[in-house]
Every structure is written in C-alpha cells, then in structure tokens.
Amino acid sequence: MIEALERYGAALTVTDDLEEHARAVEGWGYTSIWVAGGQLTTLEPLLRILRATTRVAVVPGIIALDVHGPEAIAELYAEAEAIAPGRLVVGLGGPQRTQAGALAALGTALDELEAVVPRERRLLAALGPRKLDLARDRFGGAVTLLVNPEYTAWVRDRLGGGSTLVVDQLVVLDEDAQTARAAAREPLGFLSRVGGYAAAFSRMGFTDTEIREMSDGLVDATFAWGGADRVLARLREQEAAGADHVVISPLGGPGELATLERLAPSLVGS
C-alpha cells in the first residue's frame, strides 16, 4: 500500500505558473499532485512541484519507458529524495507496443529500478489482467484511467486487498450535456484508439461501434461531468467500488484551478 497518497489528488497542467498552482492545490487540502506523462518531455516539472510544496505527494501519471528510461527515473528519484524525502511516487507505464513487448520492457526496466525505487513508491498504469497482475506482484499498486465504478470493482478484485488502487477520474464541471460531452470527447478521441483503452471499454460492455463513435453512453460511463453534486457522487462511487485514491483531472468547464477549488471543500476531511 502507498500510504502517502491518502484519498484525493489533483492533476495539474505544466505552465509557467506551476509552482503557484501547486501551492494553491496543497492549500486546498489535496494530498497529491499528478502530472500527465504527455507533458513530461523532461522530468523537471516534478522537481519544481516538490520544491514549491511542503506536504503533498508528487506523482507522474505516468512516465512512459520509451520516453524516459530507467537511468533517468533513477536520477529523478535520487534528486527527489534529496529535495523532499518520501514525497515522490513513481508512476510507470510501458511503451506502446504489443502487449507481450510492453510487458517484457516493463519487466526489464523494473529489474533495473527495484534496487533504487522501493516497491511502495512505484505504481503501474494498468487496465488489463496481465498488467494488473504485474502491478499486484511487483508494484505498490495500479493506476487506472477512463473506467466506470463497475470496472473499478473488477480491478479491485484482481489486485486484492494489499495493493493501492488509484483511479484517475477525468472531470468536466459543466451541467450542459452538449458542451460537457464535447470536452470529454477531445481526449477520448485519441485514447479510444489506444489498444489498452479500447480493450477495457469492450470489457465494460461497449460495442466496437460505440467505441468508434464515442457514444454518449461511453462518455457518461468514463467521465464525471455535470454540477458539483453529480461529479462528487461519481468520485465517491469510485471509492465505494474499491479505489484507495482518486485523482481529479479537470477538463473544460470553469477551468482546471476553478474546478479543483470548487470541489475541494466537499472532499477534504470528508
């Protein structure tokens, strides 16, 4: 289990104001700050957040091994421990290859990292059974994205009780169905073509047509959109289904910081 994460985290976009935004999020009571792997052309933003804050865990969600290899990750971890001991949790993901190739690459990288980054400070991005088994056996837990609570319950059962389950929940704080779903479909249009996500959607019961067309049902199952009460209800459904930690990743609506600030009072200390 990865106790440093606690219950609710927040995803931030890398900007020139990253430090200021990180301090605000920490002040609102979130216990972790996440940075999407696609924004990590370098790993320096993670160190920027660590230097700017005093308490939150900092997590890359995730570091792709075909972008930053084990040596770079080991260097990051060593520097993070010097700056803020105990606060960096390393989220890893395999390169986008065939499943067998991705698992082999992960295994090789993990062989190099195990002596440097402790198991309780490692998470694996995992949706399918084989990666979930790897997360259970060799990581502190797993991170999922674009899953409904029913899928979260299945993941929880697969991992067992000894692993941390993180659900990264994409959130659109917007009560207008048309604009909220349009905001959701921007990232979904790319991710639905990635094999692991498409396979997960199929496991949730969606047809190839529903996945290809990004149906309203698929959007509603995988995104939390609507007013604050509706979004908060989805976050708590994910917890009830077995998530130990839920990351709020805002899209559209009033904007990233405004969304996080609006939701924080109902989450912190709840």
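The values are calculated or read from the model by the stated rules, or taken from the named source; none is laboratory data. What you see is a predicted model; the values in this text were computed from it and never measured. Cβ sites come from the backbone with ideal geometry, for glycine too, and all protein chains shown count toward neighbours.
Among the residues of the range 96-110, none qualifies, meaning not one is modelled with pLDDT under 95, of a type outside the set (A, V, I, L, M), assigned to a loop (DSSP other than H, G, I, E, B) and crowded, with 18+ Cβ neighbours inside 10 Å.
Out of ALA72, ALA80, one residue alone is in a helix (DSSP H, G or I), small (Gly, Ala, Ser) and surrounded by 21 or more Cβ atoms within 10 Å (Cβ to Cβ). It is ALA80.
Taking PHE206, is it surrounded by 15 or more Cβ atoms within 10 Å (Cβ to Cβ), in a loop (DSSP other than H, G, I, E, B) and not β-branched (Val, Ile, Thr)?
yes
Apart from one condition, ALA198 fits all of (1) closer than 30 Å to GLY140 by Cα; (2) touching a residue at least 60 places away in the same chain (Cβ under 8 Å); (3) assigned to a helix (DSSP H, G or I); the exception is (2). ARG193 passes every criterion in (1) of a type outside the set (Gly, Ala, Ser); (2) over 19 Å from the mean Cα position of the chain (by Cα); (3) at pLDDT below 95 apart from (2). Applying the criterion of being part of a helix (DSSP H, G or I), among the hydrophobic types (A, V, I, L, M, F, W, C) and crowded, with 21+ Cβ neighbours inside 10 Å to the residues of the range 220-258, the residue that is nearest to the chain's Cα centre (by Cα) is LEU235. For beta carbons closer than 7 Å, sequence separation of 6+ or different chains, a first residue in the range 249-266 that is more than 18 Å from ARG23 (Cβ to Cβ) and a second that is crowded, with 20+ Cβ neighbours inside 10 Å and among the hydroxyl-bearing types (Ser, Thr, Tyr), the qualifying pairs are GLY253/THR259.
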